[in-house]
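The values are calculated or read from the model by the stated rules, or taken from the named source; none is laboratory data. Predicted model only: the values in this text are computed from it and were never measured. Cβ: placed from backbone, ideal geometry, glycine included. Neighbour counts: every protein chain shown. Just so you know, the surface numbers come from the protein's heavy atoms only, side chains and all, with ligands and any DNA or RNA stripped out. Shrake-Rupley method; radii C 1.70, N 1.55, O 1.52, S 1.80 Å.
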Amino acid sequence: MKQSGDIVLEVRELVKRYGDTVAVDGVSFSVRAREIFGILGPNGAGKTTTLECIETLRPVDAGTIFLGGLNVRAQAQEVKRIIGVQLQSSSFFDKLSLSELLVLFGEMYGRHVDPLALLDEVELRDKSRSQVVQLSGGQKQRFSIAAALVNDPVVMFLDEPTTGLDPQARRHLWGVIKRIRSEGKTVVITTHYMDEAEELCDRVAIMDAGKIIAMAPPHEMIDALVAGGFRRERVERLASLEDVFLNLTGHTIRDE
Amino acid sequence: MRIQWMLTLASLKMFIRQREAILWTILFPLLVVILFGFVRFNGVGKIELGVVNEAGAQGADLLSRIKAVRTIEVSEGTRDSEMAELGKGERDLVLIIPAGYAPAGGATDLTAFGDLEAKPQVTQLGGLVLQRVLDETTFAAAPGVRRSTLSTLPFKSRNLTYIDFLLPGILSMSIMQMGIFGVAFSFVSLKKRGILRRLWVTPIRPGDFIIAQVAMRLLVLLVQMTIMVGVGVLFLNLHFIGNLALICLLGILGGVVFLGFGFSLAGISKSEDQVAPLANIITLPMLALSGIFFSRSNLPGFVRAATSVFPLTFLADGLRSVAIDGAAVAQVMPQILGLALWGAVSCALAIRLFRWE
Ligand SMILES: Nc1ncnc2c1ncn2[C@@H]1O[C@H](COP(=O)(O)OP(=O)(O)O)[C@@H](O)[C@H]1O
Ligand SMILES: [Mg+2]
């Protein structure tokens, strides 16, 4: 584990229902400053719902959430000022350029942002005059991260940012996320890719059917499993098909 | 304040960059006016006659005989009101039955007024027909009495054309379309694509965004009205004598009414497919019956009564009175109040029905 800091996000016994469905069923976890915290789980596990409760987008049925010393349920407006959010499925206005969008989003926080600096952060400077519809999948996700950075947030929430991207674009995005963390941000990311969690996250919570069923740094989970006598049926080959693919097609991103 | 202004500017930018939007809000209404304006609707219809009966019971027989003539459509009124109608081109002739007139009372000179220059045939024909009816009336009352004569005097009317009727109507129509279709479609799409959700994780308040959207559309509406009136006056011979500020006030009131309905529709619809039929159900009856293309005076009585309270009727009538008759605030007060009432209803509805998701 890298540097561990103070706790910036604390979720306790969070419950969220949609009618009869219990989407989040008593979830508790805390996230430390400057860590990349992963929530790993299959589709429908409740990852998005958990994030949206923290992001003040959904009323909570039970439990407490503290973020940066603020009570999320009571101080939604203040919380919004210090978080940066990439939603799983959301888009941006058409007809505005990336630069114009970033300036507009900055204004929503009362900030005058430098759009090119933000675009540099996600390696999209040359697209500053393009519109979101003209971007590839990977570029869209990177732009979405830039938009989440306009308010210099304390915590960033990224909901399945790499789903649907090709291997090169995923790797590129991992680089961006790691750099953002190295600049002092805390990142909460959801994914259903194990390799991604293993590569990126300092700690992961594995979620299924609304509950967290395990939480630890990825290598500790693997060590514990192995120590418990687990062996793969077939010994891992020294390379995977993805390695073959990347070796053949190269690491350079294709989407621009 | 600042963020609302920034959002308004951004919305305006987005709107202007949408070619279709410009097409529909500015070019299309103009095109309709131009196309319809050049179609001539003045086939030889009835003679529109205004009668001012100042002779009371003595004039009754003459009046009823005139009314019996098939080719004449009679309206009665005071001298002032009928002459005003004549001025607008709503009457072909106005006949004055003077106070001293009596069918059996000997020769009296009657006068009719008409725009002899602009409508030579109708006024001449009308004069002849009226003289004949006058003679019949005299003969029936006292066969021996010398005939009264009718002289037709020239009167310069403003000779309003169909464009003068149509343009304020089309303006009202496009205000309605922008409010209802514009808002409902764009908000449903913003909702569906998750664009609004993304906004709600920033500190802006939903109200800021709504205010910006309304402000943007009202600005567009003002520009649209200016362009339409300008093109009308410069190229289409629009007889505009109204007060522009009053036109704008009515336009904005109407805009608020229809924006309110637009937000209500956006509230109850989940997709564009749901918006379209609802929007059509609201707008089509008004398009047909609010006197946009054709005067409501030809509608059957109960339909006319019912449609007189449509918001589009208030808007079209108000804009028309101000633009063409130069009506002042007091004269369009019924329309202003009607629109204000509808505005209150539609905004209340929007507040109840509007949903972000
Ligand atoms: N708006 C909603 N209304 C009703 N049920 C929902 C809604 N959003 C999610 N759910 C349900 O809640 C559960 C968790 O969903 P979600 O949080 O999206 O999972 P994940 O992000 O892990 O795929 C699922 O069973 C899903 O069907
Ligand atoms: Mg999800």
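Pick out which of A:Gly110, A:Gly41, A:Gly68 has the largest mean-square fluctuation in a Gaussian network model of chain A, springs linking Cα atoms closer than 10 Å.
Highest fluctuation of the listed residues: A:Gly110.
Determine the sum of side-chain charges near A:Met156: Lys and Arg each +1, Asp and Glu each -1, restricted to other residues whose C-beta is under 9 angstrom from that of A:Met156.
Neighbour charge sum, excluding A:Met156 itself: +2.
In whole angstrom, how far apart do the alpha carbon centroids of the range A:3-74 and the range B:299-357 sit?
The two parts, judged by their Cα centres, are 50 Å apart.
If you rank B:Leu130, A:Leu70 by how much accessible surface each has, with a 1.4 Å probe, what is the order from largest down?
The residues order as A:Leu70, B:Leu130, largest area first.
Can you give me the distance in nm between label points at B:Ile281 and B:Ala60, each placed 7 Å from the Cα along the Cα-to-Cβ direction?
Reported label-point gap for B:Ile281 and B:Ala60 is 5.2 nm.
Kindly report, to the nearest 10 Å², the accessible surface of B:Cys248 as traced by a 1.4 Å probe over protein heavy atoms only.
So the heavy atoms of B:Cys248 present about 30 Å² to solvent.
For B:Leu23 and B:Arg158, calculate 0.36 nm times their separation in residues minus their Cα-Cα distance, and state this gained length in nm to one decimal.
Value of the extension gain: 45.3 nm.
Of the candidates B:Trp200, B:Trp24, B:Trp342, which one comes out as most mobile in a Gaussian network treatment of chain B with C-alpha springs shorter than 10 Å?
Among B:Trp200, B:Trp24, B:Trp342, the largest mean-square fluctuation in the Gaussian network model of chain B belongs to B:Trp200.
Rounded, prolate or oblate: which fits chain A, taking a ≥ b ≥ c as square roots of the Cα gyration tensor eigenvalues, rounded meaning a/c under 1.5, else prolate when a/b beats b/c?
Oblate, since a/c reaches 1.5 and b/c is not below a/b.
Calculated FRET efficiency, A:Arg179 and A:Gln88, Cβ-Cβ r, R0 22 Å, to nearest 0.05?
With a Förster radius of 22 Å, E is 0.50.
Are there residues in the range A:67-92 whose accessible area shrinks by at least 50 Å² when all protein chains are included rather than the chain by itself, and which are they (probe 1.4 Å, ligands and nucleic acids not counted)?
A:Gln77, A:Lys80, A:Ser91
Calculate the mean, over all residues of peptide A:99-111, of how many other protein chain Cβ atoms lie within 10 angstrom of the residue's Cβ.
Mean shielding by partner chains, rounded to a whole number: 4.
Which percent of the accessible heavy-atom area of the protein assembly as shown goes to carbon and sulfur, probe 1.4 angstrom?
Ligands and nucleic acids excluded, carbon and sulfur give 59 percent.
Can you pull the one-decimal nm distance between simple spin-label points at B:Val309 and B:Met1, each 7 Å off the Cα toward Cβ?
4.1
List the relative contact order of the range A:8-155 as a percent without decimals, with contacts defined as Cα pairs under 8 Å and 6+ residues apart.
Reported as a whole number, the value is 22 percent.
Given labels modelled 7 Å from the Cα in the Cβ direction, how far is it in nm from A:Arg81 to A:His112?
Label at A:Arg81, label at A:His112, 2.0 nm between them.
Which of B:Ala102, B:Ala142, B:Ala316 moves most in a GNM of chain B, Cα contacts under 10 Å?
B:Ala142
Please compare each pair in A:Lys127/A:Lys178; A:Lys185/B:Lys13; A:Lys140/A:Lys211; A:Lys80/B:Lys13 to a cut-off of 28 Å on the Cα-Cα distance and tell me which ones are over it.
A:Lys185/B:Lys13; A:Lys140/A:Lys211
Could you work out the mean count of beta carbons from other protein chains within 10 Å of each residue's beta carbon in B:200-213?
Average neighbour count from other chains, rounded to a whole number: 4.
From the residues A:Phe93, A:Phe143, A:Thr249, which one has its Cα farthest along the dipole of chain A in the positive direction, the dipole being from +1 and -1 charges on Cβ of Lys/Arg and Asp/Glu about the Cα centre?
Farthest towards the positive pole: A:Phe93.
Report the net charge of residues surrounding B:Val188, where surrounding means a beta-carbon distance below 13 angstrom and charges are Lys +1, Arg +1, Asp -1, Glu -1.
Summing Lys/Arg as +1 and Asp/Glu as -1 gives +2.
Within the range B:217-240, whose backbone N sits under 11 Å from a point 7 Å along Cα→Cβ of A:Val133?
Within reach of a label on A:Val133, which here means backbone N under 11 Å from a point 7 Å along Cα→Cβ, the range B:217-240 contributes nothing.
Send over a whole-number figure in Å² for the accessible area per residue of chain A, probe 1.4 Å.
Per-residue accessible area for chain A comes out at 46 Å².
Using a 1.4 Å probe and ignoring any ligands, DNA or RNA, find the accessible area of A:Lys185 and quote it in Å² to the nearest 10.
Estimated to the nearest 10 Å², A:Lys185 gives 30 Å².
Arrange the residues B:Leu49, A:Leu241, B:Leu153, B:Leu12 by how much accessible surface each exposes, largest first, with a 1.4 angstrom probe.
Solvent-accessible surface, decreasing: A:Leu241, B:Leu153, B:Leu12, B:Leu49.
Keeping every protein chain in place, order B:Met6, A:Met194, B:Met178, B:Met1 by accessible area at 1.4 Å, biggest value first, i.e. largest first.
Descending order: B:Met1, A:Met194, B:Met6, B:Met178.
How many partner chain Cβ atoms sit within 10 Å of a residue's Cβ in peptide B:7-14, on average, as a whole number?
Going residue by residue through B:7-14 and averaging, the value is 4.
For an R0 of 56 angstrom, estimate the FRET efficiency from the Cβ-Cβ distance between A:Asp243 and B:Ala344 and round to the nearest 0.05.
Efficiency at R0 = 56 Å is approximately 0.25.
With solvent modelled as a 1.4 Å probe, how much accessible area in total do chains B and A shield from it at their shared surface, in Å² to the nearest 100?
2500
Accessible area per residue, 1.4 Å probe, Å², for the range B:188-342: what's the number?
For the range B:188-342, the solvent-accessible area averages 40 Å² per residue.
Taking a probe of 1.4 angstrom, what is the accessible area of B:Ile241 in Å², to the nearest 10?
90
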